[in-house]
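For reference, the structure is listed below as structure tokens.
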Amino acid sequence: MAFSPAVMTNDLVLSLDQCKGLMTTFGDLTKPVGTLTGIDTKVRKARAHALKVEDHKELYDLIIPQAVSVNQQIWQYKLDTHDPLQLLKYTHGGHYDWHLDLGSGHHQSRKLSFIVGVSDESSYQGGQVVFKAGSKEQAFTIPQGKMILFPSFVLHKVTPVTQGERFVLVGWLRGDKPFQ
């Protein structure tokens, strides 16, 4: 069995209408976002809008249980909470260089990361998420409405968008104790 650092859902986690609704409703509300050390467009060029659970319970009720189900089938991490979902918008030149989704402080208990494709993948070029496991790189274009999941310690990046706009919904599942 070949190792893959990431798993894509077979089924849609969001309908195409739900994806369009997210882009229409929140696309213009996105603001420049950086990294833990601030905004450096050489490292990350993107825009984000946080979707609070209390305002978007139905969205969380669609996505989080599916992410938990995949975790139970593949990794079996002990998870107990999640971070707020973020709608990310990448326009021409938008990217995110190599990084991990866990770190110090608040980010140290992240165990599982996920990305839901919100844009129709034919509406933009570039913007692939690339995972690096050892010396091997594996690139994915995330279909609209599908979700890709991966351990938060996996090195990954988003290649520059060269045409169009790429919208994704990102989130992280947490566990109180690391690596369980």
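The values are calculated or read from the model by the stated rules, or taken from the named source; none is laboratory data. Keep in mind the model is a prediction, meaning the values are calculated, not measured. Here the Cβ positions follow ideal geometry from the backbone for every residue, glycine too, while neighbour counts run over all protein chains shown.
Among the residues of the stretch 119-129, what is the count of those that are surrounded by fewer than 16 Cβ atoms within 10 Å (Cβ to Cβ) and touching an Asp or Glu at 6+ places or on another chain (Cβ under 9 Å)?
Looking only at that region, the number is 1.
All but one of (1) part of a strand (DSSP E or B); (2) without any contact (Cβ under 8 Å) to a residue 60 or more places away in the chain hold for Leu169; which doesn't?
(2) is the only condition that Leu169 fails.
For the stretch 39-48, what are the residues that are at pLDDT 85 or above and of a type in the set (D, E, K, R)?
Within the stretch 39-48, Arg44, Lys45, Arg47 qualify.
One residue is enough: does the stretch 116-132 have a residue meeting the conditions more than 22 Å from Lys45 (Cβ to Cβ), in contact (Cβ under 8 Å) with a residue 24 or more places away in the chain and not basic (Lys, Arg)?
No, the stretch 116-132 contains no residue that is more than 22 Å from Lys45 (Cβ to Cβ), in contact (Cβ under 8 Å) with a residue 24 or more places away in the chain and not basic (Lys, Arg).
Kindly provide the set of residues from the stretch 54-87 that are of a type in the set (S, T, N, Q), more than 17 Å from Val118 (Cβ to Cβ) and buried (at least 17 other Cβ atoms within 10 Å of the Cβ), ordered by number.
Across the stretch 54-87, the qualifying residue is only Asn71.
Kindly indicate whether any position in the stretch 111-126 is out of contact with any Leu (no Cβ under 6 Å at 6 or more places or on another chain), of a type in the set (S, T, N, Q) and under 16 Å from Gly171 (Cβ atoms).
Checking the stretch 111-126: at least one residue is out of contact with any Leu (no Cβ under 6 Å at 6 or more places or on another chain), of a type in the set (S, T, N, Q) and under 16 Å from Gly171 (Cβ atoms).
(1) assigned to a loop (DSSP other than H, G, I, E, B); (2) closer than 22 Å to Arg47 by Cβ; (3) not charged (D, E, K, R): which one isn't true of Thr162, the others all being true?
(1)
Mind counting the residues in the stretch 44-89 that are among the small types (Gly, Ala, Ser), free of Cβ contacts under 8 Å to residues at least 40 places away in the same chain and closer than 21 Å to Val7 by Cβ?
Final tally of qualifying residues: 1.
For the stretch 69-143, give me every one of the strands (runs of 3 or more DSSP E) that falls completely inside it and has 1 or more residues that are small (Gly, Ala, Ser).
Output list reads 110-117, 124-126, 129-133, 136-140.
Step by step: first the residues of the stretch 120-151, then only those that are hydroxyl-bearing (Ser, Thr, Tyr) and at pLDDT 95 or above, then the one that is nearest to Val68 (Cα to Cα). Which residue is that?
Among those that are hydroxyl-bearing (Ser, Thr, Tyr) and at pLDDT 95 or above, it is Thr141.
Give the residues of the stretch 1-38 that are modelled with pLDDT under 95, within 15 Å of Gln86 (Cα to Cα), aliphatic (A, V, I, L, M) and not in a strand (DSSP E or B), sorted by residue number.
Selection gives Leu29 alone.
For the subset of the stretch 154-180 comprising residues that are among the aromatic types (Phe, Trp, Tyr) and surrounded by 15 or more Cβ atoms within 10 Å (Cβ to Cβ), which member is farthest from the chain's Cα centre (by Cα)?
Result: Phe167.
Where residues in the stretch 165-180 are of a type outside the set (A, V, I, L, M) and touching a His at 6+ places or on another chain (Cβ under 8 Å), which of them is nearest to Thr81 (Cα to Cα)?
Top of the filtered list is Arg174.
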